[in-house]
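Below is one structure, written out as structure tokens, with a few remarks after it.
The values are calculated or read from the model by the stated rules, or taken from the named source; none is laboratory data. In this text, all values refer to a predicted model and were calculated from it rather than measured experimentally. For neighbour counting, all protein chains shown are included, and Cβ atoms are generated from backbone atoms with ideal geometry for every residue, glycine included. Please note that ligands, DNA and RNA were not included when accessible areas were found on the heavy atoms of the full protein model with its side chains. Shrake-Rupley method; radii C 1.70, N 1.55, O 1.52, S 1.80 Å.
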Amino acid sequence: MGTTVFERQRPSDAVIDASLQGTALSVFWLDDVERPAHPPLRGSTRADLVIIGGGYTGLWTAIRAKERDPGRSVVLLEAARIAWAASGRNGGFCEASLTHGHENGVTRWPEEIDRLEELGLENLDGIEATVRRYEMDADFERTGQLAVAVEPHQVEWLREEEGFLDREAVQAEVHSPTFLAGAWERDACAMVHPAKLGLELARVAVELGVEIHENSLVREISGDGSGPVTVVTRDGGRVTADAVALGTNVFPSLLKRNRLMTVPVYDYVLMTEPLSTEQLAAIGWSNRQGLADSANQFHYYRLTADNRILFGGYDAVYHFGGKVRPQYEDRMESHRKLASHFFTTFPQLEGLRFTHRWAGAIDSSSRFCAFFGTARRGRVAYATGFTGLGVGAARFAADVMLDKLSGETTERTELAMVREKPIPFPPEPAAAIGINLVRAAMDQADHNEGRRNLFLKTLDAVGMGFDS
């Protein structure tokens, strides 16, 4: 088996140790904002629409519901705090893709892919318009995304992409000895501050008349859908509503049918201290694109408003039993690996420190992108399984759910991508065995010039996969 550039050009342990000295196990984005509190739900209330989940999916659903019908009463229930989970700890890549990239989309929905990509760009345009209309402070920068090749075989993968950059051209954008080529999608991705975006969505929702309750964990949805349904919280609060939208994503579904449709996969992240003027000059990056390398086990990285570098990805860890637990976030093995790979990528930044390290659980589905549906005779709608690309796609998902709850037949509801469901994951222990076999096979492919073995090719053929 071959080696990767991150093994061939590994920095010393002393460099890694120094960079992680005093690093806080804490989410930078959430530490960087003031979070207004919303009261828990007490007693019983009535609403036209109740939304479960205070991340991007739920918040966009609330806003889009009020924009469509300002007179509709909307209640949003969040189990903990607004945007505390995936929506407050992701990389801040707000991508246009609804299908987890062109290749996944064209493989699964070849007849729809052109329209899906148009709808994705329209959705991103809609996000940008919303940010501007409501004067949202979310550090929104539509700088695009630059995919980079860090191994010779990856150059050929990128050569056919629009916006291809050879070695000289990619080095003119960002200076890294590992970058052999690139492909810059200039309009299909924006950078955002994830926590600011979540909190600003909540602000706008409240200003539009949405009632938000934090620390209101929903235990059940009662009613068969023949009439209004009632949502019941852990502490006995109740909301009776004509319609329910579920945005619980990585957390256990309130619908039994969806329990095996997603798995929580842990993704790990580092954030540096702000770069000095000299350090910025050493790496270039004046166009501030989001960056991602091109292996199966890939890294993503971007600049913040105050010129820190977020560096995440590579390890995608599934824990037996499919639980979401705080202790899974402290995995120094993964954070040390990221630090090592960071200084392979940017050796000229040796001496830079990481101020924060954290992790988050991604709601991974076997088709790598969100799926949709209804329950309880059409009174409950859901969208989940974004597999790491929910920052942008959550707004599209909100519109799909609202279309479905209204009973409307729209272009969105008629898409095969919306009508079809992914293959469920098997129960334990088969889930853990299968997922870890896939991880090992992907690592093997990265060490073998990207060549996928028979196991991965078989999964590709049946439309079953694992990603983050």
Worksheet item: Considering only the other residues whose Cβ falls under 12 Å of the Cβ of R238, what net charge follows from Lys and Arg at +1 and Asp and Glu at -1?
Response: +2
Worksheet item: Kirkwood hydrodynamic radius for region 383-439: how many Å is it when counted over pairs of different Cα atoms?
Response: 13.5 Å
Worksheet, complete the sentence: Check: C-alpha center region 51-100 vs C-alpha center region 4-46, spacing in Å is 21 Å
Response to the item:
region 212-291: spread of alpha-carbon positions along the three principal axes, whole Å, largest first, is 64, 29, 22
Response to the item:
Expressed as a whole-number percentage, the relative contact order of region 1-159 with C-alpha contacts under 8 angstrom and at least six residues apart is 17 percent
Discussion item. Rounded, prolate or oblate for the chain? Axes are the square roots of the Cα gyration tensor eigenvalues, ordered a ≥ b ≥ c, and the cut-off for rounded is a/c under 1.5.
Written reply: prolate
Practice prompt. Give the accessible area for I113 in Å² (nearest 10); use a 1.4 Å probe, count only protein heavy atoms, and leave out ligands, DNA and RNA.
Written response: 10 Å²
Worksheet entry | Tensor-based shape of region 220-261 (alpha-carbon gyration tensor, a/c under 1.5 rounded, otherwise prolate or oblate) | oblate
Worksheet item: Taking only C-alpha pairs under 8 Å that are 6+ residues apart, what is the relative contact order of the chain in percent?
Response: 24 percent
Discussion item. Largest first and in whole Å, what are the equivalent-ellipsoid semi-axes of region 105-169 based on the Cα gyration tensor, each being the root of 5 times an eigenvalue?
Written reply: 29, 20, 8
Response to the item:
In vacuo Debye sum over C-alpha of region 87-221, base-10 log of normalised intensity I(q)/I(0) at q = 0.10, 0.17 Å⁻¹, listed in q order, is -0.47, -1.04
Discussion item. If N is the number of residues in region 1-58, what value comes out of its Cα radius of gyration divided by 2.2 N^0.38 Å?
Written reply: 2.22
Response to the item:
Per the helix-only model, the chain has a calculated mean residue ellipticity at 222 nm (DSSP H runs of ≥4, -39500 (n - 2.57) each, divided over all residues, rounded to the nearest 500) of -10000 deg cm²/dmol
Practice prompt. Rank these by accessible area, largest first, 1.4 Å probe: D187, D293.
Written response: D187, D293
Discussion item. Based on DSSP loop calls and a cut-off of at most 10 other Cβ atoms within 10 Å, the longest stretch of the chain free of exposed GluC sites (Glu not before Pro) is what?
Written reply: 163-407
Worksheet item: What does the convex hull of the Cα atoms of region 272-424 come to per residue, in Å³, rounded to a whole number?
Response: 161 Å³
Fill in: Principal axis box of region 20-140, alpha-carbon based, largest edge first, Å
53, 49, 28
Discussion item. Given Cα positions, please report Rg to Rh for region 67-125, the hydrodynamic radius being the Kirkwood one.
Written reply: 1.12
Item to complete: Report the Stokes-Einstein translational diffusion coefficient (µm² s⁻¹, integer) for region 238-357, Rh taken as the Kirkwood radius over Cα pairs, at 20 °C with viscosity 1.002 mPa s.
Response: 126 µm²/s
Worksheet item: Per q in 0.13, 0.15 1/Å, what log10 I(q)/I(0) does a Debye calculation on the alpha-carbon atoms of region 169-256 return?
Response: -0.68, -0.78
Worksheet item: Can you tell me the Rg and Dmax of region 149-188, counting just the alpha carbons, in angstroms?
Response: 9.4, 27
Response to the item:
Put K66, K457 in order of accessible area, largest first, probe 1.4 Å, and you get K457, K66
Fill in: Centroid-to-centroid separation of region 396-429 and region 355-376 [C-alpha atoms, Å]
14 Å
Item to complete: Count the net charge of all other residues whose Cβ sits under 13 Å from the Cβ of R42, scoring Lys and Arg as +1 and Asp and Glu as -1.
Response: -1
Fill in: Percent RCO, i.e. relative contact order, over region 212-335, from Cα pairs under 8 Å lying at least 6 residues apart
21 percent
Item to complete: Have a look at the DSSP beta bridges in the chain and tell me what percent are antiparallel, nearest 5.
Response: 65 percent
